[in-house]
Amino acid sequence: MAVARVDRVHIKKGFSVDEAVRCLLEHTLPGKVEQVLLQKAAQRVLAEDFYSPFQMPPFRRAAMDGYALHAAFTQTASPGNPIRLIVTGEVQAGAGEIAWHTGSGSRPLINEQLTAVRIFTGAPVPNGFDAVIRQEEIQSPPSLHGQQSDAATWGMSQIQINQPVQLGKNIAEAGEDIAENSLVIKKGTMLGSKEMAILASFGQEHASVVAQPVVAVIPVGDELLLPGQPLQPNRIYDANGFAVEAFLQEQGASVIRSLPIKDDAKVIAMAIKLAAEQADLVITTGGISVGDYDCVAHAADCLGFEPLFTKVMMRPGPHSSAFINQGKLLISLSGNPGACYTGLVLLVKPIVKHGMGLDGSEAEWKQAILMDDVDKPSPYPRYIRAFVWMEQGEWRVRPLPNDKSGNIAAFAGANALAAIPSEGLQAGRQAAFLSLT
């Protein structure tokens, strides 16, 4: 993920969420193109249009297990007037030619219209045969009462057909799926299982993809412990570091997560400097408010980072900030888990998607009926964790209880963020929501 140069204009400190996202997108460019092995390409973004190098299927092939035959010879078939065909050979998937059912292995001297060839799904349909009848639709003929038949002479079996077979039945014609040089997958497509199947079907050993953004995550706070350490008085475990790492991986980024560091400007500056040398984007959590020990902004300034914005008009997380230095972005999020997660969804996700070559600037906000009053006043719009569901053809959204920015219980039941205007919103009104699933 490359970063554009900052335009040295007056930096507005208080941005709306939309303004903050636009600002970040202006300073973020899609990553470079790289070739990766196909088995490493899943969940990566295709960097260039993929055109079919040959037609698909590449040859006429059977779509069912059954018998290849001549459709015209079956048009008079009925239960009262069945057609009997001699099975002269078989063709398996991957076979180059018919395996004849003769002792010599050569083609029997029988009128071809009176013959059928046992064939299996995916096998090439032999020249001259123009339909395939499913094996479930044929019958073994009754005894011929001692009469000597061509089939018996050659030591071959017969099948009985009681209905006409349509020309081309159960045959996939060459090129009927995809013509040669057709646009099959567009640039900017995330390669999922369907796209991987297409690339593999065309024998692609490698794929051209956008390089994954490398994001460094730095949790900040004297109070932070690593999971696994004994819980100490007045200390908490680092939840944000793991949450941010998992969130970024869900978006397709490559993540470098550091151990929690202390609220010390020199230590923070050293960690940011090291992270910026390894990553396209650096994210800190904690230490960005206005307290005496909130040192991230000072550390960034000491390193020469210029502020893009130092306040976003949203609750939680109004002190979310962004800085830039020598083409590297630094985004600083709140240390409160709810505020940190809100910043990830609203600010970080769009630029990570953009850096991967996806259009991530437009959040997919939808409207739902608000089920409970949200009347707590706020100087800024609030983005609260909520549960949304469909009922009687309409979306409904219910704010989760006790959704304070430092609380974590609401994470378990939340599947959406609901946007509430600063003046609040009454139950029954329409509220915008953003799905988290």
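Brief remarks follow.
- In region 345-364, residue modelled with the highest pLDDT [restricted to those that are more than 19 Å from S332 (Cβ to Cβ) and among the hydrophobic types (A, V, I, L, M, F, W, C)]: M356
- When A68 is tested against the conditions (1) farther than 30 Å from K32 by Cα; (2) part of a loop (DSSP other than H, G, I, E, B), the lone failure is (2).
- Of all residues making up region 87-116, the number that are touching an Asp or Glu at 6+ places or on another chain (Cβ under 6 Å) and modelled with pLDDT of 80 or more: 1
- Applying the condition of being more than 40 Å from the chain's Cα centre (by Cα) and of a type in the set (S, T, N, Q) to region 117-140 and asking which residue is modelled with the lowest pLDDT yields S140.
- Of G80, G89, G66, all but one fail to be buried (at least 16 other Cβ atoms within 10 Å of the Cβ), out of contact with any Pro (no Cβ under 8 Å at 6 or more places or on another chain) and free of Cβ contacts under 8 Å to residues at least 40 places away in the same chain; the exception is G89.
- If you go through region 319-364 and keep only what is touching a His at 6+ places or on another chain (Cβ under 9 Å), outside any helix (DSSP H, G or I) and either farther than 20 Å from L303 by Cβ or of a type in the set (D, E, K, R) (or both), you end up with S334, G360, S361.
- Residues that are hydrophobic (A, V, I, L, M, F, W, C), closer than 23 Å to R429 by Cα and part of a helix (DSSP H, G or I) within region 399-417 comprise just one, A410.
- Residue in region 254-266 that is among the hydrophobic types (A, V, I, L, M, F, W, C), over 14 Å from I218 (Cα atoms) and either at pLDDT below 95 or out of contact with any helix residue (DSSP H, G or I) (no Cβ under 7 Å at 6 or more places or on another chain) (or both) present: no
- Residue within region 401-412 that is within 26 Å of E26 (Cβ to Cβ) and surrounded by 13 or more Cβ atoms within 10 Å (Cβ to Cβ) present: no
- Counted residues, region 366-423 - those being under 26 Å from N240 (Cα atoms) and without any contact (Cβ under 8 Å) to a residue 12 or more places away in the chain: 4
- Total residues in region 416-437, condition of a type in the set (D, E) and at pLDDT 95 or above: 0
- Unmet criterion (only one of (1) outside any strand (DSSP E or B); (2) of a type outside the set (K, R); (3) surrounded by 14 or more Cβ atoms within 10 Å (Cβ to Cβ)) for E423: (3)
- Between L191, L167, L183, L226, the distinction of being surrounded by 19 or more Cβ atoms within 10 Å (Cβ to Cβ) and either in the same structural domain as E250 (by TED's automatic domain parsing) or under 23 Å from Q55 (Cα atoms) (or both) belongs to L191 only.
- Region 175-197 residues that are on the phi < 0 side of the Ramachandran plot, paired with ones that are among the aromatic types (F, W, Y) (beta carbon under 7 Å, 6 or more apart): E180/F54; S182/Y51; L183/Y51; V184/F50; V184/Y51; I185/F50
- The residue list V290, V217, V244 contains one member that is assigned by TED's automatic domain parsing to the domain that holds A339, in contact (Cβ under 8 Å) with a residue 12 or more places away in the chain and either within 30 Å of M56 (Cα to Cα) or in a loop (DSSP other than H, G, I, E, B) (or both), which is V290.
- Selected residue (only one of S182, S143 is at pLDDT 95 or above and either touching a Gly at 6+ places or on another chain (Cβ under 9 Å) or not β-branched (V, I, T) (or both)): S182
- Any chance K40 is surrounded by fewer than 18 Cβ atoms within 10 Å (Cβ to Cβ), of a type in the set (D, E, K, R) and free of Cβ contacts under 8 Å to residues at least 60 places away in the same chain: yes
- Filtered residues of region 47-63 (kept if outside any loop (DSSP other than H, G, I, E, B) and exposed (fewer than 14 other Cβ atoms within 10 Å of the Cβ)): Y51
- Only one of L274, L259, L303, L330 that is farther than 23 Å from A246 by Cβ and in contact with a strand residue (DSSP E or B) (Cβ under 9 Å, 6 or more places away or on another chain): L303
- When E97 is tested against (1) exposed (fewer than 15 other Cβ atoms within 10 Å of the Cβ); (2) closer than 13 Å to Q160 by Cα, only condition (2) is not met.
- All strands (runs of 3 or more DSSP E) inside region 151-211 with 2 or more residues being in contact with a Pro (Cβ under 8 Å, 6 or more places away or on another chain) and under 30 Å from T88 (Cβ atoms): 158-161
The values are calculated or read from the model by the stated rules, or taken from the named source; none is laboratory data. Keep in mind the model is a prediction, meaning the values are calculated, not measured. We place every Cβ from the backbone using ideal geometry, glycine too, and count neighbours over all the protein chains shown.
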